[in-house]
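Visitor: Next up is a structure, given as C-alpha cells.
The values are calculated or read from the model by the stated rules, or taken from the named source; none is laboratory data. Being a predicted model, the structure only gives us computed values, none of them experimental. Every residue, glycine as well, gets a Cβ built from its backbone with ideal geometry; the counts of neighbours run over all protein chains shown. Keep in mind that these areas ignore ligands, DNA and RNA; they rest on the heavy atoms of the full protein, side chains included. Shrake-Rupley method; radii C 1.70, N 1.55, O 1.52, S 1.80 Å.
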Amino acid sequence: MTSPVTHFEVYGEAPAQLARFYASLFGWQIEKAPGVDYWRIQTEPANGKSFGGGLTYRAADGPSSWLPYVTVSALDDTLSEAQRIGAHIVRPKTAVPRTGWYAVLTDPEGNCFAIWQADRTAFPSPEPD
C-alpha cells in the first residue's frame with residue numbers, strides 16, 4: 001500500500017497576515033477554524049471538497065518552509081520504521097483532538113516532513129499534576 005500526500009501546512013509568526021497573503025496571491029479560500037489558532041486552506045474552493053492545507057503559528061524553530069503530510073495506516077509503526085532507517089523525530093506523536101495523530105520527522109538529509117493517521121478518538125494524554 002502506498003501512502004498519499006494528504007495536505008500541507010504553512011507556518012508563521014503572524015498567520016492571519018499570511019492567510020491574507022495567500023488568499024490574495026493564489027485566490028485560495030482561507031478561513032479561521034472556530035476556537036483554535038488554525039486557518040483552513042481550500043486550494044480549489046469551487047469544488048467545496050478540497051482541504052489543501054492549513055496555516056498556523058510556527059511550532060518550532062527551524063527552516064521556514066511548507067510542511068507536507070503523508071497519510072499512514074499505523075503512525076506508531078511508521079515512526080519506528082522511519083527511525084530504524086535513519087529518520088529523526090522533530091515533534092513526537094501528537095493528537096489533533098477527535099481528528100487524528102501526527103509526528104514531524106527529518107529524513108537522513110535533514111528534510112522535514114510529517115506523517116498523519118486519521119483517528120476520530122485521538123485525544124492528548126492528561127497533563128500530570
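Visitor: Filter the range 59-84 down to the residues that are within 11 Å of the chain's Cα centre (by Cα) and open to solvent by less than 80 Å² (accessible area, probe 1.4 Å), then identify the one that is nearest to Val36 (Cα to Cα).
Guide: Here the residue is Ala59.
Visitor: Does Glu44 satisfy being at pLDDT 90 or above, open to solvent by 50 Å² or more (accessible area, probe 1.4 Å) and of a type in the set (D, E, K, R)? If you could, list the steps in order and put the result at the bottom.
Guide: Details: at pLDDT 90 or above: no; open to solvent by 50 Å² or more (accessible area, probe 1.4 Å): yes; of a type in the set (D, E, K, R): yes.
In short, no.
Visitor: Output the residue which, of all residues in the range 85-117 that are within 18 Å of Ser73 (Cβ to Cβ) and open to solvent by 70 Å² or more (accessible area, probe 1.4 Å), is nearest to the chain's Cα centre (by Cα).
Guide: Only one residue fits best here, namely Lys93.
Visitor: Restricting to the range 91-119, count the residues that are part of a loop (DSSP other than H, G, I, E, B) and at pLDDT 95 or above. Explain how you work it out, then say what you get.
Guide: So the first thing to find is which residues in the range 91-119 are part of a loop (DSSP other than H, G, I, E, B), and the list is 97-99, 107-111, 119.
Filter once more, so that each one left must be at pLDDT 95 or above: 119.
Count: 1.
Visitor: Restricting the search to the range 20-34, which residues are at pLDDT 90 or above and either assigned to a strand (DSSP E or B) or open to solvent by less than 100 Å² (accessible area, probe 1.4 Å) (or both)?
Guide: Listed by number, the residues that qualify are Ile30, Glu31, Lys32, Ala33.
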